[in-house]
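Chemist: Could you have a look at this structure, given as structure tokens, before my questions?
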Amino acid sequence: MDSAELCYLPAAEVAVAIRTKRLSPVEVVDAVLARIDRLNPRLNAYCTVTHDAARAAARAAETAVARGDALGILHGVPVSIKDLVMTKGVRTTWGSKMYEHFVPNEDAPVVERLKQAGAIVLGKTNTPEFGYKGVTDNPVFGPSRNPWSLKHTPGGSSGGGAAAVAAGLGPLAVGTDGGGSIRIPCSCCGVFGLKPTLGRVAAAPTYGGLDTLSHTGPMTRTVRDAALMMNAIAGPDARDLSSLPADGVDYLADLGRGIGGLRLAWTPDWGYAAVDPEVRGIAEAGAKRFAEAGCRVEEAHPGFQSPEAPFMVMFGASMAARLGDKLPEWRDRLDPGLVLTLEAGMKWSAVAFVNAANWRRALSDSFVKFFARHDLLLTPTLAASPLPVGVNFYDEIGGRKVNPPAWFAFTYPINLIGYPAATVPCGWTADGLPVGLQIIGPRFADALVLRAAAAFEVIAPWAAKRPRLD
């Protein structure tokens with residue numbers, strides 16, 4: 001097997017090959033690190049690569065196989081960690097000059113669980129400063145680039161991880177999602193991403209209201225790899241007050257159950273959102289293909305007004321609660337857009353924050369009623385194709401003037417209610433940029449969302465399509 005094929009081998013196949021001694025963890029890690037060294041200068045997907053630690057872990061993993069030790073489900077499989085997630089002994093900057101040299105003394109729960117499962121951490125992937133926006137650049141490391149077009153963003157805020165997965169720089173990536181930050185970049189980069197039910201994957205540290213918006217989850221090239229990763233990372237942790245008890249689901253085994261007979265709804269616009277016609281057409285064609293899996297697909301939506309205002313209150317005020325007191329010292333060294341976000345967030349009153357929280361309850365009620373009639377809801381993942389590098393948002397979509405959140409109008413409402421949602425690649429624009437289809441499930445229905453994504457992958461496979469980087 002040549003180096004490129006090895007680097008694009010799915011994690012589930014890598015794990016089996018290592019367990020059966022057909023592949024060596026050292027061979028796998030060396031191949032991926034070599035590819036990172038060759039391609040990352042063009043992509044800037046990784047901001048920190050832990051060459052020595054990864055190679056040492058690979059040697060230890062190889063020794064464990066030779067000894068016949070009990071092996072974890074991800075034994076020897078490479079993984080990257082978003083630079084918003086703490087890693088013991090490895091620099092974690094949050095993309096900010098404020099933490100440019102910070103090295104944590106503990107791992108976040110997701111990192112602990114991955115290591116316990118035998119995964120090998122390759123390093124940290126790039127993110128916007130404190131994950132505040134939907135594209136990936138920051139004052140410490142600069143912009144990341146989309147493997148399908150270096151002139152375009154990989155999205156954000158987990159943009160480095162999605163770019164890495166798409167480019168064969170590791171089969172698994174940990175992302176976080178506070179308004180679409182797993183689904184946006186996975187859509188932009190033509191890979192799979194899952195935002196699990198809030199609390200299904202424990203997160204720590206969390207900050208203020210962000211702990212009720214931000215989800216931790218997998219970014220992978222195949223649905224099977226994401227299910228395998230969920231088996232490793234799902235579960236509670238005392239450090240996360242929102243974390244859920246273990247549900248006992250084997251996400252990998254559940255993929256084979258099929259989805260015939262399910263009632264699926266499709267909405268191209270929520271009834272109010274501006275959507276690029278080409279993106280809408282590609283996503284709608286993808287949604288209709290679920291009929292090939294035996295599903296009934298009809299156009300419908302829960303029927304709510306745009307939640308932009310309450311989302312901006314919740315997100316902005318939560319960011320300001322974490323960072324507002326740092327403005328006097330750090331203002332000139334922060335991303336200018338983050339400064340504006342913090343200044344706006346500091347103006348909201350406690351009453352405005354609680355009113356936004358109440359709006360969330362009403363939004364959830366509308367989805368509860370909707371899912372009494374439908375099993376899953378399909379939407380475009382994004383309202384338009386990936387932005388050019390250096391541009392943070394669209395001013396106009398589909399001929400309509402829009403506000404900054406309009407690009408990810410389909411993702412952030414689902415953060416407000418904490419339901420599971422995934423993005424699957426469903427096509428490419430005439431310019432060769434990926435388009436994603438979002439699959440939303442009821443609360444706790446993570447396994448169902450994964451099953452639906454796996455069924456779509458069978459109908460419209462995408463993993464063999466690769467960006468031209470070699």
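The numbers here are math on the coordinates, done by the rules we state, and not lab data. Just so you know, these numbers come straight off a predicted model, no measurement behind them. Here the Cβ is made from the backbone with ideal geometry for all residues, glycine too, and neighbour counts use every protein chain on show.
Chemist: Which of the following residues is farther than 30 Å from F353 by Cβ, assigned to a strand (DSSP E or B) and out of contact with any helix residue (DSSP H, G or I) (no Cβ under 7 Å at 6 or more places or on another chain): A265, A287?
Modeler: A265
Chemist: Let me ask something additional. Touching a Pro at 6+ places or on another chain (Cβ under 9 Å), in a helix (DSSP H, G or I), of a type in the set (A, V, I, L, M) and in contact (Cβ under 8 Å) with a residue 40 or more places away in the chain, is that true of I36?
Modeler: On the way: touching a Pro at 6+ places or on another chain (Cβ under 9 Å): no; in a helix (DSSP H, G or I): yes; of a type in the set (A, V, I, L, M): yes; in contact (Cβ under 8 Å) with a residue 40 or more places away in the chain: yes.
No: the conditions fail for I36.
Chemist: List every residue pair whose Cβ atoms sit under 9 Å apart, with the two residues 6 or more apart in sequence or on different chains, where the first one lies in the range 428-446 and is touching a residue at least 12 places away in the same chain (Cβ under 8 Å) and under 26 Å from L244 (Cβ atoms) and the second, anywhere, is surrounded by fewer than 17 Cβ atoms within 10 Å (Cβ to Cβ) and among the β-branched types (V, I, T).
Modeler: Sorted first by the residue in the range 428-446, then by its partner, the pairs are P442/V368; R443/V368.
To keep it simple, each residue is scored yes or no on (1) in contact with a strand residue (DSSP E or B) (Cβ under 7 Å, 6 or more places away or on another chain); (2) over 12 Å from A273 (Cβ atoms); (3) surrounded by fewer than 20 Cβ atoms within 10 Å (Cβ to Cβ).
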{"site": "D365", "(1), (2), (3)": "no, yes, yes"}
{"site": "H374", "(1), (2), (3)": "yes, yes, no"}
{"site": "L378", "(1), (2), (3)": "yes, yes, no"}
{"site": "P386", "(1), (2), (3)": "yes, yes, no"}
{"site": "N392", "(1), (2), (3)": "no, yes, yes"}
{"site": "V402", "(1), (2), (3)": "yes, no, yes"}
{"site": "A421", "(1), (2), (3)": "yes, yes, no"}
{"site": "P425", "(1), (2), (3)": "yes, yes, no"}
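Chemist: Could you look through the range 22-68, keep only residues that are more than 23 Å from the chain's Cα centre (by Cα) and of a type in the set (S, T, N, Q), and pick out the one that is surrounded by the fewest Cβ atoms within 10 Å (Cβ to Cβ)?
Modeler: Among residues in the range 22-68 that are more than 23 Å from the chain's Cα centre (by Cα) and of a type in the set (S, T, N, Q), the one surrounded by the fewest Cβ atoms within 10 Å (Cβ to Cβ) is T63.
Chemist: Could you check how many residues of the range 211-251 are in a helix (DSSP H, G or I) and surrounded by fewer than 21 Cβ atoms within 10 Å (Cβ to Cβ)? Don't jump to the end; show me each part of the working.
Modeler: Filtering the range 211-251 down to residues in a helix (DSSP H, G or I) leaves 211-212, 223-233, 251.
Subset that is surrounded by fewer than 21 Cβ atoms within 10 Å (Cβ to Cβ): 211-212, 231.
Residues flagged as in a helix (DSSP H, G or I) and surrounded by fewer than 21 Cβ atoms within 10 Å (Cβ to Cβ) within the range 211-251 amount to 3.
Chemist: Would you check if R280 is among the charged types (D, E, K, R), surrounded by 14 or more Cβ atoms within 10 Å (Cβ to Cβ) and touching a Pro at 6+ places or on another chain (Cβ under 6 Å)?
Modeler: Yes; evaluated as a whole, the condition is true for this residue.
Chemist: Given (1) touching a Cys at 6+ places or on another chain (Cβ under 9 Å); (2) in a loop (DSSP other than H, G, I, E, B), where does P205 come up short, assuming only one miss?
Modeler: That leaves (1) as the condition not met.
Chemist: Right, here's the next one. Looking only at residues in the range 432-448 that are surrounded by fewer than 24 Cβ atoms within 10 Å (Cβ to Cβ) and under 18 Å from P185 (Cβ atoms), which one is nearest to the chain's Cα centre (by Cα)?
Modeler: The residue in question is L433.
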